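Heads up: the structure comes next, in structure tokens.
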Amino acid sequence: MKKLFRNCLTASVLATSLATLPAVAAPVGTISNFTANLAGGSCSNPEGIAVDPLGNLYSASDIDGATVGTVCVFNPSGSFSRAIPVPAGAGGLVALIGLAFHGAHTLFACDAGDGTGTGRLLSIDTNSGAVTSLASGFAFPNGVAVDDHDNLYVSDSVAGTITRLWQDGSHRVVWSSDPLLSTTGFPPFGANGLAFDWLSLNLYVANTGDSRVLRIPVRLNGSAGPVQIFADGATINLNQHTTEALHGADGLALDLLGNVYLAANQANEIQVLSPAGTLIARFGSTASVTLDFPASLVFKGNQVYFTNASLFDNGVNSRLLVLQGLIPGLPLN
């Protein structure tokens, strides 16, 4: 009965949201600067991104490794608010990547550590700044997502696995280790960004080295179904007569209609896939905005905020950007 009530409530929220879409500040498809340039400071080269219920944005830095990591907090207008320090783990270095916000003040963060199997999944209390290690021993934890039952899922880009665990760190299992989650391509990272669809029926996974988006059905008992190739960059290039489709697939997010927004870090674009896996839109640099290694993205209403990691140009274009979308994203916020 609780599940039925929850589903009905969710459907009601969806209908209300679609009926009351706010007017966008700029035409759909416009990319604008959200923060000031972050080059040279503790917030430079931002990789992961998350948004809290109040509309504050969080970005992770230190992807090359540091003795103390940094999560930067920006208010809803894009002004820097504060930095949350994150101490290193057993390897002596912290390299913060994927982020996910859940509840009122809990931020989950992937820490790749020193790259020698010291990767961790962290829980950060954004009120107190307290950092807790929930799980360790990952080769390269890269993406984190929360399902409809509050379980956590972590992608390991080097091991080629998806791990599931509870929010207290218990009940940790390798949820999927399908060969499609690994890669022999470049960059040498397999499973990366993670995002669930409506009611967490499927988990979408970006495979960076293979330039693919994968889909994993969630069985009724919670186990992983067979991994499917939802979209393949090489196939799209051939069939749609284009180039660089899904090249360097990194962070991803879904809107309410099932369109997949993808940060293609090697193509320097935000690309959009239809629910059928067709490439339907792509957004890149303009005269006023330079995209360089867009890495992670998150919806806030019908706006898509994303990190410009600025890895190819020595960080000079480090900032958070915003793309005006048409349909609100998942989860509703």
Counting only residues that are within 14 Å of the chain's Cα centre (by Cα) and among the hydroxyl-bearing types (Ser, Thr, Tyr), which one in segment 277-333 is farthest from Asp148 (Cα to Cα)?
Thr307
Is it fair to say Trp175 is over 16 Å from Asp250 (Cα atoms) and surrounded by 19 or more Cβ atoms within 10 Å (Cβ to Cβ)?
yes
Positions within segment 57-100 being crowded, with 24+ Cβ neighbours inside 10 Å, closer than 20 Å to Leu330 by Cα and not small (Gly, Ala, Ser), in sequence order:
Leu57, Tyr58, Leu99
Just to verify a result, which residue in segment 37-60, among those that are of a type outside the set (Asp, Glu) and farther than 17 Å from Leu311 by Cα, is nearest to the chain's Cα centre (by Cα)?
Ala50
Yes or no: Asn268 touching an Asp or Glu at 6+ places or on another chain (Cβ under 8 Å) and at positive phi?
yes
Out of Ser296, Ser288, sole residue that is assigned to a loop (DSSP other than H, G, I, E, B) and under 23 Å from Ser79 (Cβ atoms):
Ser288
Give me a count of the residues in segment 158-210 that are charged (D, E, K, R) and either farther than 23 Å from Ala135 by Cα or outside any loop (DSSP other than H, G, I, E, B) (or both).
3
If I filter segment 302-322 down to residues being aliphatic (A, V, I, L, M) and at pLDDT 95 or above, which single residue comes out as nearest to Ala267 (Cα to Cα)?
Ala309
Failed condition for Val154, given (1) more than 23 Å from Asn202 (Cα to Cα); (2) out of contact with any His (no Cβ under 9 Å at 6 or more places or on another chain)
(1)
In segment 188-225, what residues are free of Cβ contacts under 8 Å to residues at least 12 places away in the same chain and charged (D, E, K, R)?
Arg219
Restrict the check to segment 289-296 and report whether at least one residue is among the polar types (S, T, N, Q) and surrounded by fewer than 23 Cβ atoms within 10 Å (Cβ to Cβ).
yes
Just one listed residue, out of Ala112, Ala100, Ala135, is under 18 Å from the mean Cα position of the chain (by Cα) and more than 20 Å from Val298 (Cα to Cα), and it is Ala112
Anything in segment 32-49 that is in contact with a Leu (Cβ under 8 Å, 6 or more places away or on another chain) and under 23 Å from Gly115 (Cβ atoms)? List them, or say none.
Ser44, Asn45, Pro46, Glu47, Gly48, Ile49
Looking at segment 145-152, can you tell me whether even one residue there is in contact with a Ser or Thr (Cβ under 8 Å, 6 or more places away or on another chain) and crowded, with 19+ Cβ neighbours inside 10 Å?
no
Given Asp168, Asp156, which one is touching a strand residue (DSSP E or B) at 6+ places or on another chain (Cβ under 9 Å) and surrounded by fewer than 18 Cβ atoms within 10 Å (Cβ to Cβ)?
Asp168
Has segment 236-245 got at least one residue that is part of a strand (DSSP E or B) and not charged (D, E, K, R)?
no
Being crowded, with 17+ Cβ neighbours inside 10 Å and more than 30 Å from Leu220 (Cβ to Cβ) narrows it down to one residue among Thr106, Thr126; which is it?
Thr126
Gly92 fails exactly one of the following numbered conditions: (1) part of a strand (DSSP E or B); (2) on the phi > 0 side of the Ramachandran plot; (3) of a type outside the set (A, V, I, L, M). What is the number of that condition?
(1)
The residue from Gly209, Gly185, Gly233, Gly193 that alone is surrounded by fewer than 18 Cβ atoms within 10 Å (Cβ to Cβ) and of a type outside the set (D, E, K, R) is Gly185
Matching residues in segment 124-157 (of a type in the set (Phe, Trp, Tyr) and either part of a loop (DSSP other than H, G, I, E, B) or closer than 14 Å to Gly48 by Cβ (or both)) number 1
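The values are calculated or read from the model by the stated rules, or taken from the named source; none is laboratory data. Given the structure is predicted, the values throughout are model-derived calculations rather than measurements. Because the Cβ atoms are built from the backbone with ideal geometry, glycine has one as well, and the counts that use them run over all protein chains shown.
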